[in-house]
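In what follows, a structure is listed as structure tokens, so that the remarks can point back to it.
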Amino acid sequence: MKITFIDGSIKEYNDGMSSLDIANSISPSLAKKAVFSKVNGENFDLDRPILNDASLELILRDSEEALEALNHSCSHLMASAIKRLYPNAMFGVGPAIEEGFYYDVNPGEGIKITEADLIKIENEMKKIVSENVEFKRQELSKEAALDFFSYDKYKQEIINDLEDGVIISTYTHGDFTDLCRGPHVMSTKLLKHFKLLNISGAYWRGDSKNEQLQRIYGTCFFTEEDLKRHLEILKERAEKDHRKLGRELELFMISEYGPGFPFWLPNGMTLRKQLEDYWYKVHRRENYQFIQTPIMLNKDLWEVSGHWKNYRDNMYTSEIDKHEFAIKPMNCPGGLLVYKHSLHSYKDLPIRVGELGLVHRHEASGALNGLFRVRNFTQDDAHIYMREDQIIEEVGNLIRLFDEIYSVFNLKYHIELSTRPLDKYIGSVEVWDKSEKALADACESVGKSYKVNPGDGAFYGPKLDFKLRDSMNRIWQCGTIQLDMNLPVRFDISYIDENGEKKRPVMLHRAIYGSLERFIGILIEHYGGAFPTWLAPVQVKLIPVNNQYHLDYVEKIKELLLDEDIRVEVDSREEKLGYKIREAQTKKIPYQLVIGDNEVKNNQLTFRQYGKQESTTVSIEQFVMMIKSEIKNLGK
RNA sequence: GCUCCCAUAGUUUAAUGGCAAAAUAAAGCAAUGGUAAUGCUUAGAUCCAAGUUCGAUUCUCGGUGGGAGCACCA
């Protein structure tokens, strides 16, 4: 048979040789690195014979796909260990995920696996690893598979959902066989470096109407170092958890009297204000106008907008003077009332109206999570009304604006274009196609690539989503640009065109931070609480060496800095210098100024930056210039 | 909302069916300092409700809140 390699070279091999045989014939070290292969693009286990001419790609250890196969194999390993410990266990699905794997388990009637049992399971897994058993693929008919898995109702359900006549594969290692597509690593001996992480509930087939299985999460790597590094990262994430830092740095709190309703403490309020000021500043430059619409409006409005029908259960309501009112879950209906308040000429378009709008949504209690998921939050909303021919340019400019703002925070991102849903959508297919193309063209017009999410658009229009990647490699969806074909019709908005006729404008919703609350939560973790100077609640901590002799000079510096709008505090407690330095460091204050005899005598100051060891002595003027320019440049 | 886990000073943690321990923060006193913790003193807590019990912070049950996820996220 002829084997075509990915570099295009073709070689002749005996029929029935496996990928591993071929790899070995090239070089044993290559074979050692191979985890599985792709034959004619199809995933193949290394030991599976190749029967005819084919293309062959070896998937090596250092690739994402290899790690996925490893983790998937590890989920089988875990299932086999569980089966030994809990003989009546049944299994749902057990895939590899972003940073590991999970398996959904029903351990048996009346049995619960708890965190404490994870060690037991890990030990059993280690035993199986040391048994060094191979993963063996088998293929069978649907009927045979149903028969084989007769003991497991979940597997039966999965098999029953497959088409008749399809070939079903199973993988066996040792005494455990699982329904699986593959591919897997050759042997359990590769699965030495794993860790079970946590356990939780998960609905069977992801449907809340179904029973819940126990989902056990774990992670597996090719080397012990990689595993250790990953566990370090998990630890770091826990250290930088915004709920923890929010408490330690006194940024925000959430009271049991209002689950999901964050309180901003003075430090957090300062930080938030910086984000707002910056937002207003760039939006003024981009010719936005600003409004504020009421928190609470008559139910009739929400009937017009359609929210009453669709989201009633998540809206807070109140009866006032026998009229029903609802607290806004979105800003757009209010914004549309403002648009309709006056007539608009085609000459005025695009009209860009921004609103930092506080919205309330009754989220399920279990969904709440620090600042990441709250019940009231502030959207950095804006609605843009324009002519159809303005979409590409306007969206292009928006993308540039998003790019500018994200780069200030050193957040990398990628764009996703979500297109028309399969069935639940309004408007004509032609308009959808045109809109989707406009969004795509806008990306291209500013040289940005995007990934398409087919069918993932809102029912009212396509959208561009901005997925940010933070300093700990997690992805967050914040920004969004959405075309809306629904509300302009429902609210019957119009502009007057050059012929004096009424026309329907195109409406765009967009948010960059998304939600101020959530964005701040992300920033807290992204920066680990060590904010750049422009955002830091306290920018400068002034520390006199001796209160008696140096406090006057310190107060003078404080006044000078305050005059320059620098957020400064004096630590004049009767504590030793080292103590105050330590505290300023733990509070992650960007600049600590130490003032003693030397500074007073020379009319200077000595500063030390957060996280740095060395200190520098400069004149007050030099320091002011330096810190002001840093703040003005937003830390860039 | 669902599954599992958890609830002790402001915070982080300890202990117990019979006076609840410490660190840190706070307050007071002393020490007057040069780059990550000066010493001493004081004050401060068992989430709420019911039950079992002579006695419950501890056991049981309900509630509330929190965590890991699932479902949801216009």
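The values are calculated or read from the model by the stated rules, or taken from the named source; none is laboratory data. Quick caveat, the model's predicted, so the values are computed rather than measured. A quick note on method: Cβ atoms are made from the backbone with ideal geometry, for glycine too, and the neighbour counts reach across all protein chains shown. SASA here: full protein model, heavy atoms, side chains in, ligands and nucleic acids out. Shrake-Rupley method; radii C 1.70, N 1.55, O 1.52, S 1.80 Å.
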query = Taking only pairs six or more apart or across chains, which ones have beta-carbon atoms under 8 Å, a first residue in segment A:257-273 that is farther than 28 Å from A:Asn314 by Cβ and without any contact (Cβ under 8 Å) to a residue 40 or more places away in the chain, and a second residue that is open to solvent by 50 Å² or more (accessible area, probe 1.4 Å) and of a type in the set (Gly, Ala, Ser)?
reply = none
task = State all residues of segment A:591-616 that are surrounded by fewer than 16 Cβ atoms within 10 Å (Cβ to Cβ), over 39 Å from the mean Cα position of the chain (by Cα), within 7 Å of RNA strand B (Cβ to nearest atom) and without any contact (Cβ under 8 Å) to a residue 24 or more places away in the chain; if no residue qualifies, say none.
result = A:Asn598
message = For A:Ile399, only one of the following conditions fails: (1) β-branched (Val, Ile, Thr); (2) over 28 Å from A:Glu286 (Cβ atoms); (3) under 29 Å from the mean Cα position of the chain (by Cα). What is its number?
response = (2)
ask   = Among the residues of segment A:389-399, is any over 18 Å from A:Pro505 (Cα atoms) and free of Cβ contacts under 8 Å to residues at least 24 places away in the same chain?
value = no
query = Can you find even one residue in segment A:325-336 that is under 30 Å from A:Lys632 (Cα atoms) and at pLDDT 95 or above?
reply = no
ask   = Within the bounds of segment A:449-456, is there any residue that is in a loop (DSSP other than H, G, I, E, B), on the phi > 0 side of the Ramachandran plot and under 24 Å from the mean Cα position of the chain (by Cα)?
value = yes
key: Any chance A:His72 is open to solvent by 10 Å² or more (accessible area, probe 1.4 Å), under 22 Å from A:Ile167 (Cβ atoms) and either in contact (Cβ under 8 Å) with a residue 60 or more places away in the chain or aliphatic (A, V, I, L, M) (or both)   = yes
Odd one out for A:Val570 among (1) near RNA strand B (Cβ under 10 Å from one of its atoms); (2) touching a Leu at 6+ places or on another chain (Cβ under 9 Å); (3) within 29 Å of A:Lys244 (Cα to Cα); (4) not hydroxyl-bearing (Ser, Thr, Tyr) = (1)
note = Note on segment A:417-448: residues touching a Pro at 6+ places or on another chain (Cβ under 9 Å) and on the phi > 0 side of the Ramachandran plot are none
inquiry  = For segment A:551-569, which positions are outside any loop (DSSP other than H, G, I, E, B) and open to solvent by 10 Å² or more (accessible area, probe 1.4 Å)?
reply    = A:Leu551, A:Asp552, A:Tyr553, A:Glu555, A:Lys556, A:Lys558, A:Glu559, A:Leu560, A:Leu562, A:Asp563, A:Val568, A:Glu569
request  = Residues that are touching a Ser or Thr at 6+ places or on another chain (Cβ under 9 Å): find the helices (runs of 4 or more DSSP H) completely inside segment A:261-355 holding 3 or more of those.
outcome  = A:332-340
task = Any residue in segment A:193-222 that's near RNA strand B (Cβ under 7 Å from one of its atoms): show its pairings with residues that are open to solvent by less than 20 Å² (accessible area, probe 1.4 Å) and not basic (Lys, Arg) at Cβ separation under 6 Å, as long as the two are six or more apart or on different chains.
result = A:Ile199/A:Ile216; A:Ala202/A:Asp104; A:Ala202/A:Leu213; A:Gln214/A:Val105; A:Gln214/A:Ile113; A:Arg215/A:Asp104; A:Arg215/A:Ala202
task = Residue by residue through segment A:245-275, note down the ones that are under 22 Å from the mean Cα position of the chain (by Cα) and within 30 Å of A:His341 (Cβ to Cβ).
result = A:Arg272, A:Leu275
query = Any residue at all in segment A:532-544 that is surrounded by fewer than 17 Cβ atoms within 10 Å (Cβ to Cβ) and either of a type in the set (Asp, Glu) or within 15 Å of RNA strand B (Cβ to nearest atom) (or both)?
reply = no
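Yes/no per residue for (1) hydroxyl-bearing (Ser, Thr, Tyr); (2) in contact with a strand residue (DSSP E or B) (Cβ under 9 Å, 6 or more places away or on another chain):
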| residue | (1), (2) |
| --- | --- |
| A:Leu401 | no, yes |
| A:Tyr406 | yes, yes |
| A:Lys434 | no, no |
| A:Ile481 | no, yes |
query = Can you tell me how many residues in segment A:237-255 are open to solvent by 70 Å² or more (accessible area, probe 1.4 Å), more than 8 Å from RNA strand B (Cβ to nearest atom) and in a helix (DSSP H, G or I)?
reply = 1
